[in-house]
Each structure stands twice: as C-alpha cells, then as structure tokens.
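Visitor: My structure is below; once you've seen it, I'll send some questions.
No value in this document is a laboratory result; all are computed from the given coordinates. Computed from a predicted model, the values in this text were never measured in an experiment. Ideal geometry is used to build each Cβ from the backbone, glycine not excepted, and the neighbour counts take in all protein chains shown.
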Amino acid sequence: MEQKPYKRLDAEDREAISRSLAAGLNYREIARRLGRSVSTITREVKRNYGSSLYRGCAAQRKADKYSGYRRGGQRKINKYPKLQDYVESKLRLAWSPDEIARRLRLDYAQDMTMQISHETIYQYIYVLPRGELKATLIRGLRQEHKYRHSRKDKSSDDEKRGHISDMLSIEERPKAVAKRTVPGHWEGDLIMGKNKKTAIGTLVERVTRYTMIVHLKAKDAQSVRKAYAEALQKLPHALAKTLTYDQGKEMSDHKRFTIDTGIKVYFAHPSSPWERGTNENTNGLIRQFFPKGTDFADVSPHEVRKVQNLLNDRPRKVLEYRTPNEVFNQLVALDP
C-alpha cells in the first residue's frame, strides 16, 4: 500500500494495530497495511505498554487526553449541547457514527456548529468515563460481520430444502430486478428464535431498502403465507411485484400466495445468501435488536413495529444518507 502523507493516527488506525498485533503480525506488515512508516507503528506501540498489552481503545483515550491538553480541553461536541444531544440520541437508536455525521450534513447544511466527523464521534464515545451512558452508546455501534461458513450438516440442509413443488427459479426472474432500477421487488426470509421454535418474517424492498418485519403466530407454510400476504397487500400494486425467497419449507404454499396477492415468488439457489444480499444485510441489522436466542413468543407486535420503524428511519449510505422511509414514501406519493 502506498504510504499516506503524515497525519496523526486515529481511532480506526489504533483498532487496526490492536487487531493486527493480536493476529501475530509484525510492525513492518502492520505499517504496510496501514500505509504508515514502520517508525510510526513502533513508537505508537512502545508508548502504549508494548505489543503484548497494546489495546486500541486505551491508546486512543490516552491520545485524546493529550490532544485535549493541546486544545485547552475544548471538544466541539461538548461545546454545543444541541449537537451533543443529536449525536447521543441517534447512537441510542443504533445509528452508526458515519450515518450520524452524514445525516447532519443534510439536516443542518448551513449550520457549522452541527457539523462533525464520524471519527470525532468515535473519539467522544471512547473518552467518556465508564458508566451507563458509555455502555449504552457503545452497544449501539455496529458489530463486524462474522465470516460465513458452509454448513457441515448437509442432512439438515436437505431436510429444509428441495421439497417445494413448482418453484420459479431466480434464473427466471425478470432481469430488471437485478438492476435495482424499478421498485416493487422484495426479498424475504425468516429469522429464527430460540431453538428454532419461533420466528419472525422479514421483507425488504430492493431499491428503497424499506423493511417490513412480520410478527408470526407460527412458522408453518400456511401461517407464513397469510402473514406475508396481509403485509404486502397493504402496499400499492406498483410497489409489490415480486418476492425472492430462500428455499425454506415455510414458502411451500407459494402458489396460493401468488393467487392471493398477484406477487410471483422466485427462489434463490440453495446455500446462496448473496442472491438475497439485501435481505441478509437487513437481517443482520435486525439481530442488533433481537439477538440469537430470542424467544419470539415473548416479543409483542408492538416491539416488532418499533424495530421496523427504527430501521426505516435510519439513513443509509446506499440511499445517499436518506432513510428508507423517505425514499419509499416518495414513491408511494407518486403512485397514482
């Protein structure tokens, strides 16, 4: 990697150093990956307790402390209560620092006191004293995606898949769907609850990323069909054209679903989550609120709607930091 013009290490750099040291990389390899000089990495690690004790968060707190001395202790987010309230309120809604910083540019384009970088937001969180506020705000930060592994138990995989009659393959789906130029094409799946005995349904529109979370009384084919149909039939016809789904047995009643709604169902190939990438990503966001082990029998429809609203009111990079609600409602307003 080409070495960057010198600038101070930031929180992301220090986290990368910490992870690299834990992975056993040497200073030269870390420097190459970060585009820094070896001496920069060496000094950073040695001034922060050495390679065996180096921690990115602790190193950043120490750097911020000295940086505060240089600035006379003045941190922008602390100087402007309105900005601080905005940042903290959005972090509590599980917005990422990047989403907050970018959305501020839209909501307060002419107000420089309400402009802040995502890096400054990260630093603000890390230098907070330990306590309930810090724990709450850190919980809202995105977690890195875990690597996917192929399933080893093929017998259980075969039990779930391959028993749906008269399927329409994703290969038969209109080519325009893949281009994401026309709205009204959805992706769907189940999120399983504790011991796979309960579930919620997720439906995501591919263009707007508008999400519907469907509360399910049961996860059998008839219950799922009725619940999905009820949710999608509330939409204008132009915004509910197709559904791309996993080959789960809960969608085995797809022909009746199409008769009831006019929505054709196309099935992705087995073990091919990238063919429903929007839905997979959205399910990961939903897991922030309903982690693995959740018993959805104990989750009320009100709680489900609350999470749905939080997701649809969150700005997305892919939408140029508009929210799914804003983009979707604009399309609804245009529908005759």
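Visitor: Could you please state, rounded to a whole Å, how far the C-alpha centre of the range 87-143 is from the C-alpha centre of the range 260-336?
Guide: A separation of 23 Å, based on Cα centres.
Visitor: Let me ask another. Quick check on the exposure proxy: order H215, H269 from fewest to most C-beta atoms within 10 angstrom.
Guide: H269, H215
Visitor: For the range 208-336, what class follows from the C-alpha gyration tensor (a ≥ b ≥ c being the square roots of its eigenvalues): rounded when a/c is under 1.5, otherwise prolate if a/b is larger than b/c, else oblate?
Guide: Working: a/c = 1.40, a/b = 1.10, b/c = 1.26.
It comes out rounded by the Cα gyration axes.
Visitor: Something else now. Measure nothing fancy, just the Cα-based angle from helix 277-286's long axis to the longest principal axis of the chain, in degrees from 0 to 90, nearest 10.
Guide: Helix 277-286 and the main axis of the chain meet at about 70 degrees.
Visitor: A further question on this structure: Scan the range 210-317 for trypsin sites (Lys or Arg not before Pro) in coil per DSSP, keeping those whose Cβ has at most 13 other Cβ atoms within 10 Å, and list them by number.
Guide: K217, K234, R287, K292
Visitor: A further question on this structure: Quick one: grab the alpha carbon gyration tensor of the chain, order the square roots of its eigenvalues as a ≥ b ≥ c, and give me rounded if a/c is under 1.5, else prolate or oblate depending on whether a/b is larger than b/c. Numbers along the way, then the final one.
Guide: Details: a/c = 2.26, a/b = 1.75, b/c = 1.29.
It is prolate, given that a/c is not under 1.5 and a/b is the larger ratio.
Visitor: Next question, about the same structure. Set the bar at 18 Å for Cα to Cα. Now go through K194/K292; K7/K82; K196/K249; K196/K217; K194/K306; K175/K241 and name every pair that lies beyond it.
Guide: With Cα atoms farther than 18 Å apart: K7/K82; K194/K306.
Visitor: Another one. Taking the square root of 5 times each eigenvalue of the Cα gyration tensor, what semi-axes in Å does the equivalent ellipsoid of the range 189-255 have, largest first?
Guide: Gyration-tensor ellipsoid for the range 189-255: 20, 13, 11 Å.
Visitor: Please give every one of the aspartates and glutamates within straight-line cross-link reach of K264, meaning a C-alpha to C-alpha distance under 17 Å, and leave out same-chain neighbours fewer than 8 residues apart.
Guide: Within the straight-line limit of under 17 Å, K264 reaches these aspartates and glutamates: D166, E171, E172, E187, D189, E205, E230, D246, E250, D253, E275.
Visitor: Among G248, G50, G193, which one moves the most in a GNM of the chain with springs linking Cα atoms closer than 10 Å?
Guide: Judging by the Gaussian network model, the answer is G50.
Visitor: At 222 nm, what helix-only mean residue ellipticity would the chain give, in deg cm²/dmol to the nearest 500, using -39500 (n - 2.57) for each DSSP H run of four or more?
Guide: Working: 16 runs with 154 residues, N = 336.
Computed mean residue ellipticity for the chain: -13500 deg cm²/dmol.
Visitor: Angle, helix 118-127 long axis vs. longest principal axis of the chain, Cα atoms, 0 to 90°, nearest 10?
Guide: The angle comes out near 70 degrees.
Visitor: Hey, another quick one. For the range 221-236, take each phi angle, set θ = phi - 60°, evaluate the Karplus expression 6.51 cos²θ - 1.76 cosθ + 1.60, and give the result in whole Hz per residue in order, putting x for glycine and proline.
Guide: Karplus values, whole Hz, x for Gly and Pro: 4, 5, 5, 5, 4, 5, 5, 5, 4, 4, 5, 7, 6, 7, 8, x.
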